[in-house]
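Have a look at the structure below before the remarks.
The values are calculated or read from the model by the stated rules, or taken from the named source; none is laboratory data. Just so it is clear, the model here is predicted, and its values are computed rather than measured. As a convention, Cβ positions derive from the backbone with ideal geometry for all residues, glycine included, and neighbour counts pool all protein chains shown. To get the accessible areas, we keep the full protein, side chains included, count just its heavy atoms, and leave off ligands, DNA and RNA. Shrake-Rupley method; radii C 1.70, N 1.55, O 1.52, S 1.80 Å.
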Amino acid sequence: MILQADVKNIGKKGEIVEVADGYGRNFLLPKKLALPASAENVNVAKAQAGSKARKDAMAEDEARLMAAQLEKVTVDIPVRIGENGRLFGAVTGKDVAEALKKQNIDVDRRKIAIRSEVTSEGIYEAVVKVHPSIATTIKIHVRKE
């Protein structure tokens, strides 16, 4: 069978797997989760796998370029600071994402992790995951409003 969708405990989309005849005939085929592994279907699946591999390689190259550009970026975040030098609130990935957006760099806030707790003014580092296998570090300058 050639899977058309991810099936738990069986495999991922596009994989060629071997399953029991009844499971394939009575479950996978009627629900359109798989195709029979005929010679024609196997060739189509291999072509799709090659296409997916090329797209993944292009996405990884783009992520490397973006990571190289992000390494040079310093984000300036103005915050309210009390009399004793402590922050009101916290600096989060959302704040960093908004500051990056002002510099025309669009990064999802969930992909930003600040390395240490931001407690006062200063320069901190944040890790940005631009691709599942590629991460880069940017500098965050926290200053008084």
A135 fails exactly one of (1) of a type outside the set (V, I, T); (2) part of a strand (DSSP E or B); (3) crowded, with 16+ Cβ neighbours inside 10 Å, namely (3)
Conditions first: (1) in contact with a strand residue (DSSP E or B) (Cβ under 9 Å, 6 or more places away or on another chain); (2) over 30 Å from T136 (Cβ atoms); (3) among the small types (G, A, S). A113 passes all but one, so which condition is the exception? (2)
I'd like to check something: does segment 26-45 contain any residue that is under 30 Å from T137 (Cα atoms), modelled with pLDDT under 90 and open to solvent by 30 Å² or more (accessible area, probe 1.4 Å)? no
Anything in segment 90-132 that is open to solvent by less than 90 Å² (accessible area, probe 1.4 Å), under 22 Å from E62 (Cα atoms) and assigned to a strand (DSSP E or B)? List them, or say none. I112, A113, A126, V127, V128, V130, H131
Can you report the number of residues in segment 9-25 which are more than 22 Å from A53 (Cα to Cα), in a loop (DSSP other than H, G, I, E, B) and either open to solvent by 80 Å² or more (accessible area, probe 1.4 Å) or touching a Cys at 6+ places or on another chain (Cβ under 7 Å) (or both)? 2
